[in-house]
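The values are calculated or read from the model by the stated rules, or taken from the named source; none is laboratory data. Quantities reported herein were computed from a predicted structural model and do not represent experimental measurements. Neighbour counts run over all protein chains shown; Cβ positions are idealised from the backbone, glycine included. Remember, those area values only see protein heavy atoms, side chains included, never the ligands or the DNA or RNA. Shrake-Rupley method; radii C 1.70, N 1.55, O 1.52, S 1.80 Å.
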Amino acid sequence: MKVALVLCVVLLGCSAIPKQERRFPDDFLFGTATASYQIEGGWNADDKGESIWDYMTHNHPHVIKDSSNGDIAADSYNNYKRDVEMMRELGLDAYRFSVAWSRILPDGFSNRVSEAGVAFYNKYIDEMLKYGITPMVTLYHWDLPQKLQDLGGFANPLFPEWFEEYARVVYESFGDRVKHWITFNEPREICYEGYGAATKAPILNATGIGNYLCAKYLVLAHARAYHLYNNQYKASQGGECGITISVNWFESLTDSEEDEFAAEIRRQAEWGQYAEPIFSAQGGFPKEFAERVAQKSAEQGYPWSRMPDFTEEEKQYVRGASDFFGVNHYTAYLISATEHISQYVVPSLMDDAGVGSYVPEEWPQSASSWLTQGPNSILKVLTHLKEKYNDPKFYITENGWSSPPSSGLLDDDRIRYYRAALENCLDAIDAGVRLQGYMAWSLMDNFEWMEGLTERFGLYQVDFEDPARPRTPRKSAFVYKQIIKTRVIDHSYEPDTMTMTIDDGR
Ligand code: PNW
């Protein structure tokens, strides 16, 4: 058996195209991603309103590891031309960034639209288009107007209406030039970390309750913004609208049935909650996990499940409401039904899931405690989602690797991570996955949320000590540039200089 397998691999290896020569399609979109609060600064420039990250970092500075904040960040509010110059240096096809809700609508509602806010994004977008770079815009990357948080934020049943009105202003303002829309970035991090824990703003820590309320109204809000685009803008503007979900890989520790089921429960708890209502054939929250939460809620004396159900009408409205599946992928875990189980707060999502997770020591570790390089995890994610959700169109909307601030410009660990991830993208394309693009996180170092400036994800290093926030390319920037230019991953490529140029006259 073993001999046959080895022979098979050898023969396949000979007849298949050598890995080095596999090419990305010409229309594959190579890009980088960023988010408003992490790069822009200008937190109160012109008439911008306060966001939940402004509020939290100003009122509770110690929740951030180094007590830093995004008041200035990489100062893209003033450095936007340099940002676009970096995109040209890399030869990017696309650039994913987010719009700050409170920069466009200072009060959160559409009664007052900020002219200065709209003007800033117009300049940014026009500068990209001037050089043939396709903008991909996220409507919401975590910076809710504080005034809406004061009213309950994502836990308020009216949230979907507020979001729809904000989306309308954004489509009206930029939709003549922006053709790729992402409603939300990472529902899990918004709902679980922000409402069901205290690891992101608004640090509500309403464990096992707030996260599920948020999940329901976020999904409904997404569907509203999707239908609005579809019904009122798509025909004239001709773009597409989807959502980005963080899909880390959760694999069963052993091949026992119990562990397989435990891994499935954890996948449902982490991202199935958001993917299932939108992308599955039957709609609604994932069945087995919802049953678990309902059962635990009953045992705990709640009169209803802590995970609110969708009505049939809501299920219908949400099902199929996305033109593509945006995947943010970073890390992987092995899941067990009986081993490595921690004590969790009751009630909480992690207690509801009730499974153990494990990361083998041999998986390379980044500067972020949660981020390791598991084997072939992007390929496993993409083929799993393709099967489960009937072959949707995909973009990898984020993927990246962190290093400590002291690590400098020679980032071979980041290069290793990117090359492995991109090989997986080619494998996925070979396996028939409809993968249309890849956005590296991130164009440059930025404010890494609760970790402040202590973890760096940039292809470009940013000097946060210097008021001008100068950007310098890391070695990974040159390697990514070479891949984009040749559409091939050459594992032996070494840049012969660390000086950037703009090629192709772009
Ligand atoms: C993403 N996890 O967050 C965000 O979209 C970015 O804004 C962020 O800077 C980047 O990844 C790096 O952290 C994540 O625990 C945070 O698996 C946590 C996880 C995944 C993504």
Take the residues in segment 235-264 that are in a helix (DSSP H, G or I) and touching a strand residue (DSSP E or B) at 6+ places or on another chain (Cβ under 8 Å), then tell me which one is nearest to the ligand (Cβ to nearest atom).
-> Ala263
For the subset of segment 455-496 comprising residues that are of a type in the set (Val, Ile, Thr) and assigned to a strand (DSSP E or B), which member is nearest to the chain's Cα centre (by Cα)?
-> Val462
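Residues checked against (1) more than 19 Å from Ser76 (Cα to Cα); (2) within 15 Å of the ligand (Cβ to nearest atom); (3) touching a residue at least 60 places away in the same chain (Cβ under 8 Å); (4) not charged (D, E, K, R):
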{"site": "Ile429", "(1), (2), (3), (4)": "yes, no, yes, yes"}
{"site": "Ala440", "(1), (2), (3), (4)": "no, yes, yes, yes"}
{"site": "Asp445", "(1), (2), (3), (4)": "no, yes, yes, no"}
{"site": "Met450", "(1), (2), (3), (4)": "yes, yes, yes, yes"}
{"site": "Pro470", "(1), (2), (3), (4)": "no, no, no, yes"}
If you take the residues of segment 448-487 that are β-branched (Val, Ile, Thr) and open to solvent by 30 Å² or more (accessible area, probe 1.4 Å), which of them is nearest to Gly91 (Cα to Cα)?
-> Thr486
Please go through segment 191-213 and pick out each residue that is within 16 Å of the ligand (Cβ to nearest atom) and not in a loop (DSSP other than H, G, I, E, B).
-> Cys191, Tyr192, Glu193, Gly194, Asn211
Phe120 meets each of (1) over 27 Å from Asp463 (Cβ atoms); (2) surrounded by 18 or more Cβ atoms within 10 Å (Cβ to Cβ) with one exception, condition (1)
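Residue by residue, here is whether (1) touching a residue at least 12 places away in the same chain (Cβ under 8 Å); (2) in contact with a His (Cβ under 6 Å, 6 or more places away or on another chain); (3) β-branched (Val, Ile, Thr); (4) farther than 26 Å from Lys481 by Cα holds:
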residue	(1), (2), (3), (4)
Ala35	yes, yes, no, no
Ile39	yes, no, yes, no
His60	yes, no, no, yes
Ile125	yes, no, yes, no
Mind listing whichever residues of segment 156-190 are more than 26 Å from Leu129 (Cβ to Cβ) and either free of Cβ contacts under 8 Å to residues at least 60 places away in the same chain or more than 16 Å from the ligand (Cβ to nearest atom) (or both)?
-> Asn156, Pro157, Leu158, Phe159, Pro160, Glu161, Trp162, Phe163, Glu164, Glu165, Glu189, Ile190
Taking into account only those residues within segment 18-57 that are of a type in the set (D, E, K, R) and part of a helix (DSSP H, G or I), which is farthest from the ligand (Cβ to nearest atom)?
-> Glu21
Residue within segment 366-378 that is farther than 30 Å from Val137 by Cα and not aromatic (Phe, Trp, Tyr) present = yes
Among the numbered conditions (1) farther than 28 Å from Thr254 by Cβ; (2) within 28 Å of the chain's Cα centre (by Cα), tell me where Val293 comes up short.
-> (1)
Just wondering, is there one or more residues in segment 433-445 that are modelled with pLDDT of 95 or more and in a helix (DSSP H, G or I)?
-> no
Mind checking which pairs have a first residue in segment 233-248 that is over 18 Å from Val219 (Cα atoms) and a second that is away from the ligand (no atom under 16 Å from the Cβ) and open to solvent by 10 Å² or more (accessible area, probe 1.4 Å), Cβ under 7 Å, 6 or more apart or different chains?
-> Gln237/Asp176; Gly238/Lys179; Gly239/Lys179; Gly239/His180
Would you mention how many residues in segment 343-358 are β-branched (Val, Ile, Thr) and buried (at least 21 other Cβ atoms within 10 Å of the Cβ)?
-> 1
Say we look at segment 382-404 and pick out the residues that are more than 27 Å from Phe447 (Cβ to Cβ) and either among the aromatic types (Phe, Trp, Tyr) or within 13 Å of the ligand (Cβ to nearest atom) (or both); which of these is farthest from the chain's Cα centre (by Cα)?
-> Tyr389
Would you kindly identify the helices (runs of 4 or more DSSP H) lying entirely within segment 272-352 that contain at least 2 residues that are in contact with a strand residue (DSSP E or B) (Cβ under 8 Å, 6 or more places away or on another chain)?
-> 273-279
Picking from Tyr229, Tyr195, Tyr217, Tyr212, the residue that is buried (at least 18 other Cβ atoms within 10 Å of the Cβ) and farther than 27 Å from Ser297 by Cβ would be Tyr229
Only residues that are open to solvent by 50 Å² or more (accessible area, probe 1.4 Å) and within 16 Å of the ligand (Cβ to nearest atom): list them for segment 293-342, please.
-> Ser342
When (1) in a loop (DSSP other than H, G, I, E, B); (2) touching a residue at least 12 places away in the same chain (Cβ under 8 Å) are applied to Thr499, the one that fails is (2)
Give Glu387, Glu361 a once-over and let me know the one that is in a loop (DSSP other than H, G, I, E, B) and not small (Gly, Ala, Ser).
-> Glu361
